[in-house]
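Student: Okay, handing you the structure first.
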């Protein structure tokens with residue numbers, strides 16, 4: 001339950017509203033289905049409600065897991081269309097049964113593009129028309145729905161909805177272009193900001209490095225190395241953002257390459273890096289905490305792990321496995337006393353624990369045959385791309 005509540009932090013307001021609406025519709029279908037089954041004894045209607053409810057649950061869960069907006073949108077709209085047309089048929093074409101089939105296409109304009117929504121509307125209204133003609137001509141249904149005045153009202157509503165969709169999308173397109181032009185100007189300014197932040201942090205990191213090489217005390221050297229790598233870990237985020245011109249997300253593998261290359265310069269012997277990384281991207285805030293964790297682990301390995309190792313090697317893995325992201329860091333160094341490590345109060349360990357807690361991760365440490373850190377993270381941390 002706590003993990004579910006924590007994952008809601010990463011949902012946009014539009015997604016939260018969509019999930020709330022889906023929950024309301026699903027609950028409504030469940031109540032109506034049970035009412036038809038146990039009170040009205042209408043098994044056919046109850047079965048129809050339950051089938052529609054099951055379809056909504058499936059497409060909602062599919063979107064939550066796969067983030068395929070078009071597949072889920074077409075599924076919900078198509079299922080809704082079949083549901084309302086079947087309901088129209090079973091109700092013998094009463095006036096009230098036309099309400100939802102006529103208004104359903106409004107939802108398609110809010111989800112799909114103008115071309116896609118127009119195609120869906122034509123198919124939907126064509127199906128409603130064919131079913132209505134079948135009821136009127138073949139079944140001989142005598143309903144007020146087929147009178148002249150209701151038909152004029154239906155036609156007016158259909159034309160109004162199509163015109164509404166055209167105006168809605170044309171307005172969105174115009175506003176989108178205006179926002180796009182404004183964002184282009186802001187992007188240039190933001191790019192310059194990232195460039196200056198990166199340069200300033202690099203200057204601070206260089207100053208710390210100079211002080212490190214000028215100091216004689218080993219403890220001071222260690223402090224300077226830790227401080228400069230922490231600053232560089234943040235600086236690299238702005239460097240990558242400035243380079244790729246994408247201010248929304250950062251590629252994790254590119255970040256690993258940059259940071260490890262920088263830290264390995266401080267090693268007295270060559271260190272091989274092995275990567276097992278899925279193509280994942282993260283937001284700036286998430287990447288800052290992942291960068292802090294990675295910088296501390298790499299720095300500790302360089303400083304302490306390989307004094308008795310002939311072929312130093314570090315393995316970094318980040319895999320999406322089912323409902324979690326599994327981050328694993330390993331080195332083949334001399335290892336560490338697990339009891340001392342768990343009770344260590346150093347600044348680096350505090351940074352790792354604090355960043356892991358911020359990301360709602362679960363950390364596991366092993367110290368046999370080298371040091372191994374495993375951190376299990378929520379897959380919602382990754383930047384979604386539609």
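Student: Within the set of pairs 6 or more residues apart or between chains, which connect a residue that is at pLDDT below 85 inside the range 301-322 to a residue that is assigned to a strand (DSSP E or B) with Cβ atoms less than 7 Å apart?
Tutor: Here the result reads 305/331; 305/371, each pair linking the range 301-322 to a residue that is assigned to a strand (DSSP E or B).
Student: Could you check the range 130-141 and list, in sequence order, the residues that are within 12 Å of residue 93 (Cβ to Cβ), surrounded by 11 or more Cβ atoms within 10 Å (Cβ to Cβ) and without any contact (Cβ under 8 Å) to a residue 12 or more places away in the chain?
Tutor: 133, 134, 139
Student: Something else now. Taking interchain pairs and intrachain pairs at least six residues apart, which have beta carbon atoms under 8 angstrom, with the first residue in the range 70-85 and not assigned by TED's automatic domain parsing to the domain that holds residue 109 and the second at pLDDT 85 or above?
Tutor: Final answer for the pair search is none.
Student: How many residues, within the range 142-156, are outside any helix (DSSP H, G or I) and buried (at least 16 other Cβ atoms within 10 Å of the Cβ)? Quick ask: steps written out before the conclusion?
Tutor: Taking the range 142-156 and keeping what is outside any helix (DSSP H, G or I), we get 142-143, 147.
Imposing the further condition that a residue be buried (at least 16 other Cβ atoms within 10 Å of the Cβ) reduces the set to 143.
Selection size over the range 142-156: 1.
Student: Which helices (runs of 4 or more DSSP H) sit wholly inside the range 56-141 and have at least 1 residues that are at pLDDT below 85 and either closer than 19 Å to residue 21 by Cα or touching a strand residue (DSSP E or B) at 6+ places or on another chain (Cβ under 9 Å) (or both)?
Tutor: 69-90, 99-103, 105-111
Student: Let me ask something else about it. Is it the case that the range 287-305 has a residue that's part of a loop (DSSP other than H, G, I, E, B) and either surrounded by fewer than 21 Cβ atoms within 10 Å (Cβ to Cβ) or not assigned by TED's automatic domain parsing to the domain that holds residue 372 (or both)?
Tutor: Looking through the range 287-305, none of the residues is part of a loop (DSSP other than H, G, I, E, B) and either surrounded by fewer than 21 Cβ atoms within 10 Å (Cβ to Cβ) or not assigned by TED's automatic domain parsing to the domain that holds residue 372 (or both).
The values are calculated or read from the model by the stated rules, or taken from the named source; none is laboratory data. Owing to the predicted nature of the structure, the values given are computational and were not obtained by experimental measurement. Methodologically, a virtual Cβ is constructed for each residue, glycine included, from the backbone with ideal geometry; neighbour enumeration extends over all protein chains shown.
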